[in-house]
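S.K.: Following this message is one structure expressed as structure tokens.
The values are calculated or read from the model by the stated rules, or taken from the named source; none is laboratory data. Keep in mind that what you see is a predicted model, and the values were worked out from it rather than measured. Here Cβ is always computed from backbone atoms with ideal geometry, including for glycine, and neighbour counts include all displayed protein chains.
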Amino acid sequence: MPAGPGFTSMNVSLPKEQKAFVDQRVRAGGFGSVSDYVRELIRRDQRELEREEVEQRLLAALESKKSKMTAADWKEVREKLVERHKGSRRT
């Protein structure tokens, strides 16, 4: 995906070993470019953070006496799932 409206560029310095690793992962993973690979890593990290947040909220709910989800809770869960689904599409 080329840079354009809505995109910004970023330069990253890597040791030679990491650069070689990234290049190998791009080839092996079917990514069109290093940028595609990095964007996918960021998306994965974002999804992992979201999962951790949900897990923490669920654990907190289990530890509390409150066990029923409210309509607002379900709405928030639906909104996050919709956003996650939109963000997971590779173009």
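S.K.: Would you mind listing the helices (runs of 4 or more DSSP H) fully within the chain where at least 3 residues are modelled with pLDDT of 95 or more, surrounded by 10 or more Cβ atoms within 10 Å (Cβ to Cβ) and not hydroxyl-bearing (Ser, Thr, Tyr)? So that I can check it myself, show each step before the final result.
M.R.: Working: elements: 16-29, 34-63, 71-88.
Those helices (runs of 4 or more DSSP H) span 16-29, 34-63.
S.K.: Going residue by residue through the stretch 32-44, is there one that turns out to be among the polar types (S, T, N, Q) and within 16 Å of the chain's Cα centre (by Cα)?
M.R.: Within the stretch 32-44, one or more residues are among the polar types (S, T, N, Q) and within 16 Å of the chain's Cα centre (by Cα).
Rundown of residues vs (1) in contact with an Asp or Glu (Cβ under 7 Å, 6 or more places away or on another chain); (2) basic (Lys, Arg); (3) without any contact (Cβ under 8 Å) to a residue 12 or more places away in the chain, yes/no style:
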residue	(1), (2), (3)
LYS16	no, yes, yes
PHE21	no, no, yes
VAL26	no, no, yes
GLN46	no, no, no
LEU59	no, no, yes
